[in-house]
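Trainee: My structure is below; once you've seen it, I'll send some questions.
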Amino acid sequence: MLKQFFIICSGSDTSILETCSVGEQNKYAGIGATVFFTAVMAFIAGSYALFTVFDNLYTAIFFGFIWGLLIFNLDRYIVSTIKKTGNIMDELIQASPRILLAVIIAVVISKPLELKIFEKEINQVLLEQKNELTLANKNQIAKQFNPSIESLNKEIASLQQEIATKDTKVNALYDTYITEAEGTAGTKLLGKGPVYKEKRDKHDALLSELKQLKLDNKAKIVAAETQIAALQADYETKVISSQPIINNYDGLMARVNALKKLPWLPSFFIFLLFLAIETSPIFAKLLSTKSAYDFKLEDEEGVIKSNVLQNINQREAMLKTDFAINDRIYKDIENEDELYNYKRKTARVLMQLQADAFFKQQKNVL
(Lines give C-alpha, C1' and ligand atoms only; values in the text may rest on other atoms or scores of the structure.)
Protein backbone atom coordinates (compact mmCIF):
# COMPACT_ATOMS: atom_id res chain seq x y z
CA MET A 1 0.00 0.00 0.00
CA LEU A 2 2.77 2.42 0.97
CA LYS A 3 4.81 1.42 -2.07
CA GLN A 4 1.83 2.05 -4.35
CA PHE A 5 1.31 5.47 -2.76
CA PHE A 6 4.93 6.48 -3.37
CA ILE A 7 4.70 5.25 -6.99
CA ILE A 8 1.70 7.55 -7.46
CA CYS A 9 3.75 10.37 -5.91
CA SER A 10 6.47 9.80 -8.53
CA GLY A 11 4.07 10.75 -11.33
CA SER A 12 4.78 7.57 -13.30
CA ASP A 13 2.23 5.57 -15.29
CA THR A 14 1.10 2.93 -12.80
CA SER A 15 -0.47 0.69 -15.48
CA ILE A 16 2.88 0.46 -17.31
CA LEU A 17 4.93 0.17 -14.13
CA GLU A 18 2.86 -2.83 -12.97
CA THR A 19 4.20 -4.80 -15.94
CA CYS A 20 7.82 -3.95 -15.04
CA SER A 21 10.18 -5.68 -12.62
CA VAL A 22 10.12 -5.15 -8.85
CA GLY A 23 13.42 -3.31 -9.02
CA GLU A 24 11.95 -0.83 -11.50
CA GLN A 25 8.94 -0.32 -9.23
CA ASN A 26 11.22 0.22 -6.22
CA LYS A 27 13.18 2.87 -8.13
CA TYR A 28 10.08 4.91 -8.85
CA ALA A 29 8.78 4.33 -5.32
CA GLY A 30 12.03 5.87 -4.04
CA ILE A 31 11.60 8.87 -6.35
CA GLY A 32 8.01 9.27 -5.17
CA ALA A 33 9.08 9.06 -1.51
CA THR A 34 11.58 11.88 -2.10
CA VAL A 35 8.84 13.99 -3.68
CA PHE A 36 6.46 13.28 -0.79
CA PHE A 37 8.92 14.02 2.01
CA THR A 38 10.06 17.20 0.25
CA ALA A 39 6.43 18.31 0.33
CA VAL A 40 6.27 17.44 4.05
CA MET A 41 9.34 19.61 4.70
CA ALA A 42 7.74 22.38 2.66
CA PHE A 43 4.60 22.08 4.80
CA ILE A 44 6.63 22.40 8.02
CA ALA A 45 8.72 25.29 6.68
CA GLY A 46 5.70 27.11 5.28
CA SER A 47 3.71 26.69 8.50
CA TYR A 48 6.55 28.10 10.61
CA ALA A 49 7.10 31.04 8.25
CA LEU A 50 3.38 31.85 8.19
CA PHE A 51 3.16 31.50 11.98
CA THR A 52 5.70 34.32 12.32
CA VAL A 53 3.44 36.40 10.05
CA PHE A 54 -0.07 35.59 11.33
CA ASP A 55 0.85 34.55 14.89
CA ASN A 56 -2.01 32.03 14.71
CA LEU A 57 -1.36 28.28 14.78
CA TYR A 58 -4.44 27.11 12.87
CA THR A 59 -4.11 29.73 10.13
CA ALA A 60 -0.42 28.88 9.73
CA ILE A 61 -1.16 25.13 9.51
CA PHE A 62 -3.94 25.66 6.94
CA PHE A 63 -1.88 27.83 4.59
CA GLY A 64 1.21 25.69 5.25
CA PHE A 65 -0.78 22.65 4.08
CA ILE A 66 -1.76 24.51 0.89
CA TRP A 67 1.91 25.42 0.37
CA GLY A 68 2.96 21.79 0.87
CA LEU A 69 0.41 20.63 -1.73
CA LEU A 70 1.72 23.23 -4.18
CA ILE A 71 5.33 22.06 -3.75
CA PHE A 72 4.20 18.42 -4.03
CA ASN A 73 2.39 19.14 -7.29
CA LEU A 74 5.37 21.06 -8.71
CA ASP A 75 7.89 18.34 -7.78
CA ARG A 76 5.65 15.61 -9.15
CA TYR A 77 5.25 17.55 -12.39
CA ILE A 78 9.01 18.16 -12.67
CA VAL A 79 9.86 14.47 -12.22
CA SER A 80 7.07 13.11 -14.41
CA THR A 81 7.91 15.36 -17.40
CA ILE A 82 11.54 14.28 -17.71
CA LYS A 83 11.68 11.71 -20.53
CA LYS A 84 14.59 9.35 -21.12
CA THR A 85 15.81 9.74 -24.72
CA GLY A 86 19.19 8.04 -24.46
CA ASN A 87 21.00 11.29 -25.37
CA ILE A 88 22.49 12.91 -22.25
CA MET A 89 22.71 16.39 -23.82
CA ASP A 90 19.05 16.36 -24.87
CA GLU A 91 18.06 15.20 -21.41
CA LEU A 92 20.15 17.94 -19.74
CA ILE A 93 18.60 20.63 -21.97
CA GLN A 94 15.17 19.19 -21.21
CA ALA A 95 15.86 19.14 -17.45
CA SER A 96 17.63 22.54 -17.14
CA PRO A 97 14.47 24.65 -16.54
CA ARG A 98 13.23 22.00 -14.11
CA ILE A 99 16.53 22.10 -12.22
CA LEU A 100 16.28 25.90 -12.01
CA LEU A 101 12.76 25.59 -10.61
CA ALA A 102 14.01 22.98 -8.13
CA VAL A 103 16.73 25.40 -6.94
CA ILE A 104 14.11 28.11 -6.36
CA ILE A 105 11.92 25.68 -4.42
CA ALA A 106 14.93 24.58 -2.32
CA VAL A 107 15.66 28.21 -1.38
CA VAL A 108 12.03 28.84 -0.42
CA ILE A 109 11.84 25.66 1.68
CA SER A 110 15.22 25.95 3.41
CA LYS A 111 14.98 29.59 4.55
CA PRO A 112 12.12 29.17 7.09
CA LEU A 113 13.76 26.05 8.51
CA GLU A 114 17.05 27.95 8.87
CA LEU A 115 15.14 30.57 10.86
CA LYS A 116 13.85 27.84 13.18
CA ILE A 117 17.17 26.03 13.52
CA PHE A 118 19.06 29.24 14.38
CA GLU A 119 16.19 30.73 16.40
CA LYS A 120 18.23 31.29 19.59
CA GLU A 121 21.05 33.02 17.75
CA ILE A 122 18.56 35.12 15.79
CA ASN A 123 16.81 36.10 19.03
CA GLN A 124 20.14 37.33 20.41
CA VAL A 125 20.75 39.44 17.30
CA LEU A 126 17.19 40.79 17.48
CA LEU A 127 17.67 41.64 21.18
CA GLU A 128 20.77 43.68 20.35
CA GLN A 129 18.93 45.41 17.52
CA LYS A 130 15.96 46.14 19.80
CA ASN A 131 18.27 47.69 22.40
CA GLU A 132 19.88 49.85 19.73
CA LEU A 133 16.45 50.83 18.41
CA THR A 134 15.28 51.65 21.96
CA LEU A 135 18.24 53.98 22.56
CA ALA A 136 17.85 55.57 19.13
CA ASN A 137 14.12 56.01 19.72
CA LYS A 138 14.70 57.69 23.10
CA ASN A 139 17.29 60.03 21.60
CA GLN A 140 15.01 60.88 18.70
CA ILE A 141 12.06 61.62 20.99
CA ALA A 142 14.32 63.60 23.35
CA LYS A 143 15.23 65.93 20.49
CA GLN A 144 11.61 67.06 20.47
CA PHE A 145 11.62 67.98 24.19
CA ASN A 146 15.23 68.90 25.05
CA PRO A 147 15.19 72.44 23.57
CA SER A 148 12.11 73.39 25.61
CA ILE A 149 13.48 71.81 28.80
CA GLU A 150 16.87 73.49 28.35
CA SER A 151 15.17 76.83 27.77
CA LEU A 152 13.14 76.43 30.97
CA ASN A 153 16.23 75.39 32.94
CA LYS A 154 18.04 78.50 31.72
CA GLU A 155 15.06 80.60 32.76
CA ILE A 156 15.14 79.04 36.25
CA ALA A 157 18.89 79.62 36.51
CA SER A 158 18.40 83.24 35.44
CA LEU A 159 15.70 83.79 38.08
CA GLN A 160 17.88 82.20 40.78
CA GLN A 161 20.85 84.31 39.65
CA GLU A 162 18.71 87.44 39.87
CA ILE A 163 17.81 86.56 43.49
CA ALA A 164 21.46 85.81 44.34
CA THR A 165 22.63 89.12 42.86
CA LYS A 166 20.09 91.14 44.82
CA ASP A 167 20.85 89.12 47.96
CA THR A 168 24.53 90.04 47.57
CA LYS A 169 23.62 93.72 47.32
CA VAL A 170 21.42 93.47 50.46
CA ASN A 171 24.26 91.84 52.38
CA ALA A 172 26.65 94.55 51.22
CA LEU A 173 24.28 97.30 52.45
CA TYR A 174 23.88 95.44 55.74
CA ASP A 175 27.64 95.44 56.25
CA THR A 176 27.74 99.13 55.32
CA TYR A 177 25.24 100.34 57.92
CA ILE A 178 26.63 98.00 60.62
CA THR A 179 30.16 99.32 60.14
CA GLU A 180 28.75 102.86 60.12
CA ALA A 181 27.12 102.20 63.50
CA GLU A 182 30.32 100.71 64.86
CA GLY A 183 32.37 103.64 63.54
CA THR A 184 34.76 101.39 61.65
CA ALA A 185 33.85 102.75 58.20
CA GLY A 186 32.03 105.62 56.51
CA THR A 187 32.03 108.71 58.85
CA LYS A 188 33.86 106.63 61.51
CA LEU A 189 31.59 108.15 64.15
CA LEU A 190 30.32 105.67 66.70
CA GLY A 191 26.54 105.57 67.04
CA LYS A 192 23.40 105.61 64.94
CA GLY A 193 23.47 109.00 63.31
CA PRO A 194 21.82 110.40 60.20
CA VAL A 195 24.23 108.59 57.88
CA TYR A 196 23.49 105.29 59.62
CA LYS A 197 19.76 105.90 59.26
CA GLU A 198 20.14 106.71 55.57
CA LYS A 199 22.12 103.53 54.94
CA ARG A 200 19.73 101.48 57.07
CA ASP A 201 16.75 102.78 55.04
CA LYS A 202 18.47 101.87 51.77
CA HIS A 203 19.14 98.37 53.13
CA ASP A 204 15.58 97.91 54.33
CA ALA A 205 14.15 99.08 51.00
CA LEU A 206 16.41 96.72 49.09
CA LEU A 207 15.58 93.90 51.52
CA SER A 208 11.89 94.50 50.89
CA GLU A 209 12.54 94.33 47.16
CA LEU A 210 14.50 91.11 47.71
CA LYS A 211 11.60 89.50 49.56
CA GLN A 212 9.16 90.48 46.80
CA LEU A 213 11.62 89.27 44.16
CA LYS A 214 11.92 85.92 45.93
CA LEU A 215 8.13 85.56 45.98
CA ASP A 216 7.77 86.54 42.31
CA ASN A 217 10.68 84.43 41.10
CA LYS A 218 9.65 81.47 43.22
CA ALA A 219 6.25 81.47 41.49
CA LYS A 220 7.97 81.69 38.11
CA ILE A 221 10.40 78.87 39.06
CA VAL A 222 7.53 76.66 40.23
CA ALA A 223 5.67 77.31 36.95
CA ALA A 224 8.81 76.49 34.93
CA GLU A 225 9.46 73.33 36.97
CA THR A 226 5.82 72.30 36.38
CA GLN A 227 6.31 72.73 32.65
CA ILE A 228 9.52 70.71 32.80
CA ALA A 229 7.73 67.93 34.69
CA ALA A 230 4.91 67.96 32.09
CA LEU A 231 7.42 67.78 29.23
CA GLN A 232 9.27 64.91 30.91
CA ALA A 233 5.95 63.12 31.46
CA ASP A 234 5.10 63.58 27.76
CA TYR A 235 8.54 62.27 26.87
CA GLU A 236 8.05 59.16 29.00
CA THR A 237 4.58 58.63 27.54
CA LYS A 238 5.91 58.76 23.98
CA VAL A 239 8.74 56.39 24.84
CA ILE A 240 6.32 53.92 26.47
CA SER A 241 3.79 54.15 23.62
CA SER A 242 6.44 53.55 20.94
CA GLN A 243 8.20 50.73 22.80
CA PRO A 244 5.68 47.99 21.79
CA ILE A 245 6.54 48.66 18.13
CA ILE A 246 10.18 47.97 18.92
CA ASN A 247 9.29 44.95 21.06
CA ASN A 248 7.33 43.49 18.12
CA TYR A 249 10.32 43.87 15.81
CA ASP A 250 10.65 40.12 15.30
CA GLY A 251 8.65 39.45 12.12
CA LEU A 252 9.70 37.33 9.16
CA MET A 253 11.72 40.04 7.39
CA ALA A 254 13.45 41.08 10.63
CA ARG A 255 14.46 37.45 11.27
CA VAL A 256 15.73 37.02 7.71
CA ASN A 257 17.87 40.16 8.09
CA ALA A 258 19.09 38.94 11.48
CA LEU A 259 20.03 35.59 9.92
CA LYS A 260 22.25 37.45 7.43
CA LYS A 261 24.31 38.82 10.34
CA LEU A 262 25.18 35.26 11.46
CA PRO A 263 28.02 33.23 9.86
CA TRP A 264 26.94 32.23 6.36
CA LEU A 265 28.53 28.76 6.21
CA PRO A 266 25.96 26.82 8.36
CA SER A 267 23.05 28.37 6.46
CA PHE A 268 24.76 27.57 3.17
CA PHE A 269 25.15 23.90 4.07
CA ILE A 270 21.49 23.67 5.09
CA PHE A 271 20.56 25.18 1.73
CA LEU A 272 22.79 22.64 -0.03
CA LEU A 273 21.06 19.83 1.89
CA PHE A 274 17.62 20.92 0.72
CA LEU A 275 18.94 21.54 -2.78
CA ALA A 276 20.23 17.97 -2.86
CA ILE A 277 16.88 16.65 -1.61
CA GLU A 278 14.91 18.73 -4.10
CA THR A 279 17.06 17.88 -7.14
CA SER A 280 17.75 14.24 -6.25
CA PRO A 281 14.69 12.84 -8.12
CA ILE A 282 15.71 14.79 -11.24
CA PHE A 283 19.33 13.64 -11.15
CA ALA A 284 18.23 10.11 -10.28
CA LYS A 285 16.29 10.04 -13.53
CA LEU A 286 19.07 11.72 -15.52
CA LEU A 287 21.81 9.38 -14.23
CA SER A 288 19.80 6.19 -14.59
CA THR A 289 19.96 4.21 -17.83
CA LYS A 290 16.98 3.84 -20.11
CA SER A 291 14.99 1.09 -18.42
CA ALA A 292 12.07 -1.18 -19.25
CA TYR A 293 9.56 1.43 -18.05
CA ASP A 294 11.02 4.07 -20.39
CA PHE A 295 10.92 1.69 -23.37
CA LYS A 296 7.32 0.68 -22.67
CA LEU A 297 6.25 4.28 -22.17
CA GLU A 298 7.98 5.27 -25.39
CA ASP A 299 6.31 2.36 -27.19
CA GLU A 300 2.86 3.32 -25.91
CA GLU A 301 3.36 6.96 -26.84
CA GLY A 302 4.64 5.84 -30.26
CA VAL A 303 1.52 3.76 -30.86
CA ILE A 304 -0.69 6.73 -30.04
CA LYS A 305 1.41 9.04 -32.22
CA SER A 306 1.27 6.61 -35.16
CA ASN A 307 -2.48 6.22 -34.79
CA VAL A 308 -3.00 9.99 -34.73
CA LEU A 309 -0.81 10.48 -37.82
CA GLN A 310 -2.64 7.67 -39.62
CA ASN A 311 -6.02 9.25 -38.85
CA ILE A 312 -4.82 12.64 -40.07
CA ASN A 313 -3.51 11.18 -43.34
CA GLN A 314 -6.72 9.20 -43.83
CA ARG A 315 -8.90 12.28 -43.31
CA GLU A 316 -6.75 14.25 -45.78
CA ALA A 317 -7.05 11.44 -48.38
CA MET A 318 -10.83 11.23 -47.90
CA LEU A 319 -11.17 15.01 -48.27
CA LYS A 320 -9.06 15.03 -51.43
CA THR A 321 -11.13 12.18 -52.92
CA ASP A 322 -14.39 13.93 -52.01
CA PHE A 323 -13.25 17.10 -53.78
CA ALA A 324 -12.40 15.13 -56.93
CA ILE A 325 -15.77 13.33 -56.96
CA ASN A 326 -17.69 16.58 -56.49
CA ASP A 327 -15.80 18.18 -59.38
CA ARG A 328 -16.75 15.31 -61.70
CA ILE A 329 -20.41 15.36 -60.59
CA TYR A 330 -20.85 19.09 -61.24
CA LYS A 331 -19.04 18.83 -64.54
CA ASP A 332 -21.37 16.05 -65.69
CA ILE A 333 -24.58 17.97 -64.86
CA GLU A 334 -23.27 21.26 -66.21
CA ASN A 335 -24.76 20.68 -69.73
CA GLU A 336 -28.06 18.94 -68.79
CA ASP A 337 -31.17 20.61 -70.39
CA GLU A 338 -33.53 19.51 -67.62
CA LEU A 339 -31.54 21.36 -64.98
CA TYR A 340 -31.26 24.43 -67.29
CA ASN A 341 -35.03 24.61 -67.84
CA TYR A 342 -35.76 24.18 -64.14
CA LYS A 343 -33.43 27.01 -63.12
CA ARG A 344 -34.82 29.21 -65.97
CA LYS A 345 -38.36 28.66 -64.65
CA THR A 346 -37.44 29.52 -61.05
CA ALA A 347 -35.55 32.62 -62.18
CA ARG A 348 -38.62 33.80 -64.15
CA VAL A 349 -40.84 33.38 -61.05
CA LEU A 350 -38.30 35.25 -58.89
CA MET A 351 -38.13 38.19 -61.34
CA GLN A 352 -41.95 38.40 -61.47
CA LEU A 353 -42.12 38.57 -57.70
CA GLN A 354 -39.49 41.32 -57.67
CA ALA A 355 -41.44 43.30 -60.27
CA ASP A 356 -44.69 42.99 -58.28
CA ALA A 357 -42.96 44.12 -55.10
CA PHE A 358 -41.44 47.15 -56.85
CA PHE A 359 -44.85 48.09 -58.30
CA LYS A 360 -46.51 47.98 -54.87
CA GLN A 361 -43.77 50.13 -53.36
CA GLN A 362 -44.08 52.81 -56.05
CA LYS A 363 -47.84 52.80 -55.72
CA ASN A 364 -47.63 53.45 -51.99
CA VAL A 365 -45.26 56.35 -52.62
CA LEU A 366 -47.74 58.04 -54.98
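Trainee: Only one residue in Glu300, Glu278 is of a type in the set (Asp, Glu), in the same structural domain as Ile44 (by TED's automatic domain parsing) and surrounded by 11 or more Cβ atoms within 10 Å (Cβ to Cβ), so which one is that?
Mentor: Values: Glu300 fails: in the same structural domain as Ile44 (by TED's automatic domain parsing).
Exactly one residue qualifies, and that residue is Glu278.
Trainee: Something else now. Please work out if Ile141 is more than 20 Å from Ile245 (Cα to Cα) and β-branched (Val, Ile, Thr). Spell out how you get there, then give the answer.
Mentor: Working: more than 20 Å from Ile245 (Cα to Cα): no; β-branched (Val, Ile, Thr): yes.
Criteria not met by Ile141.
Yes or no, residue by residue, for (1) more than 30 Å from Thr14 (Cα to Cα); (2) of a type outside the set (Phe, Trp, Tyr):
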residue: Glu278; (1), (2): no, yes
residue: Leu286; (1), (2): no, yes
residue: Ile304; (1), (2): no, yes
residue: Gln314; (1), (2): yes, yes
residue: Asp327; (1), (2): yes, yes
residue: Tyr330; (1), (2): yes, no
residue: Glu338; (1), (2): yes, yes
residue: Met351; (1), (2): yes, yes
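Trainee: Condition first: among the β-branched types (Val, Ile, Thr), outside the structural domain of Ser80 (by TED's automatic domain parsing) and either surrounded by 15 or more Cβ atoms within 10 Å (Cβ to Cβ) or assigned to a helix (DSSP H, G or I) (or both). Can you find one or more residues in segment 242-255 that meet it? Let's see the steps before the verdict.
Mentor: Just the residues of segment 242-255 that are among the β-branched types (Val, Ile, Thr), to begin with: 245-246.
Remaining after also requiring outside the structural domain of Ser80 (by TED's automatic domain parsing): 245-246.
When the remaining residues are screened for being either surrounded by 15 or more Cβ atoms within 10 Å (Cβ to Cβ) or assigned to a helix (DSSP H, G or I) (or both), the result is 245-246.
Scanning segment 242-255 turns up at least one residue that is among the β-branched types (Val, Ile, Thr), outside the structural domain of Ser80 (by TED's automatic domain parsing) and either surrounded by 15 or more Cβ atoms within 10 Å (Cβ to Cβ) or assigned to a helix (DSSP H, G or I) (or both).
Trainee: Also: Out of Leu319, Leu275, Leu353, I need the residue that is within 30 Å of Leu17 (Cβ to Cβ) and in a helix (DSSP H, G or I). Which one? Full working, then the answer.
Mentor: Numbers: Leu319 fails: within 30 Å of Leu17 (Cβ to Cβ); Leu353 fails: within 30 Å of Leu17 (Cβ to Cβ).
Among Leu319, Leu275, Leu353, only Leu275 is within 30 Å of Leu17 (Cβ to Cβ) and in a helix (DSSP H, G or I).
Trainee: Give segment 58-98 a look and list any residue that's of a type in the set (A, V, I, L, M, F, W, C), over 25 Å from the mean Cα position of the chain (by Cα) and not in a loop (DSSP other than H, G, I, E, B), or say none. Don't jump to the end; show me each part of the working.
Mentor: Residues of segment 58-98 that are of a type in the set (A, V, I, L, M, F, W, C), as a first pass: 60-63, 65-67, 69-72, 74, 78-79, 82, 88-89, 92-93, 95.
Now drop any that are not over 25 Å from the mean Cα position of the chain (by Cα), which leaves 78-79, 82, 88-89, 92-93, 95.
Of everything in segment 58-98, those that are of a type in the set (A, V, I, L, M, F, W, C), over 25 Å from the mean Cα position of the chain (by Cα) and not in a loop (DSSP other than H, G, I, E, B) turn out to be Ile78, Val79, Ile88, Met89, Leu92, Ile93, Ala95.
Trainee: Going by the structure shown, is Ser47 modelled with pLDDT under 80 and among the hydroxyl-bearing types (Ser, Thr, Tyr)?
Mentor: Working: modelled with pLDDT under 80: no; among the hydroxyl-bearing types (Ser, Thr, Tyr): yes.
Taking the combined requirement at face value, the residue does not satisfy it.
Trainee: Continuing with this model, one more query. Examine segment 116-128 for a residue that is at pLDDT below 85, in a helix (DSSP H, G or I) and closer than 30 Å to Gly30 by Cβ, and state whether such a residue exists.
Mentor: Step one: list which residues in segment 116-128 are at pLDDT below 85, which gives 116-119.
Then drop every residue that is not in a helix (DSSP H, G or I), which leaves 116-117, 119.
Checking the rest, the ones that are also closer than 30 Å to Gly30 by Cβ come to 116-117.
Yes.
Trainee: Within segment 45-59, is there a residue that is surrounded by fewer than 16 Cβ atoms within 10 Å (Cβ to Cβ), in contact (Cβ under 8 Å) with a residue 12 or more places away in the chain, assigned by TED's automatic domain parsing to the domain that holds Glu114 and not polar (S, T, N, Q)? Let's see the steps before the verdict.
Mentor: The initial filter retains those residues of segment 45-59 that are surrounded by fewer than 16 Cβ atoms within 10 Å (Cβ to Cβ), namely 53-59.
Still in the running and in contact (Cβ under 8 Å) with a residue 12 or more places away in the chain: 53.
Checking which are assigned by TED's automatic domain parsing to the domain that holds Glu114 leaves us with 53.
Cutting the leftovers down to not polar (S, T, N, Q) gives us 53.
The answer is yes; a qualifying residue exists.
Trainee: Let me ask something else. Just wondering, is there one or more residues in segment 81-90 that are assigned by TED's automatic domain parsing to the domain that holds Ile282, out of contact with any helix residue (DSSP H, G or I) (no Cβ under 6 Å at 6 or more places or on another chain) and modelled with pLDDT of 80 or more?
Mentor: No, segment 81-90 contains no residue that is assigned by TED's automatic domain parsing to the domain that holds Ile282, out of contact with any helix residue (DSSP H, G or I) (no Cβ under 6 Å at 6 or more places or on another chain) and modelled with pLDDT of 80 or more.
Each row is one residue, and each column tells you yes or no for (1) in contact with a Lys or Arg (Cβ under 6 Å, 6 or more places away or on another chain); (2) under 25 Å from Arg98 (Cβ atoms); (3) surrounded by 22 or more Cβ atoms within 10 Å (Cβ to Cβ); (4) of a type in the set (Ser, Thr, Tyr).
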position: Ser15; (1), (2), (3), (4): no, yes, no, yes
position: Phe65; (1), (2), (3), (4): no, yes, no, no
position: Ile71; (1), (2), (3), (4): no, yes, yes, no
position: Tyr77; (1), (2), (3), (4): no, yes, no, yes
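Trainee: Looking at Lys220, is it assigned by TED's automatic domain parsing to the domain that holds Ala136, of a type outside the set (Val, Ile, Thr) and modelled with pLDDT under 85?
Mentor: On the way: assigned by TED's automatic domain parsing to the domain that holds Ala136: yes; of a type outside the set (Val, Ile, Thr): yes; modelled with pLDDT under 85: no.
So Lys220 does not fit the description; no.
The values are calculated or read from the model by the stated rules, or taken from the named source; none is laboratory data. Just so it is clear, the structure is predicted and the values come from calculations on it, not from any experiment. A quick note on method: Cβ atoms are made from the backbone with ideal geometry, for glycine too, and the neighbour counts reach across all protein chains shown.
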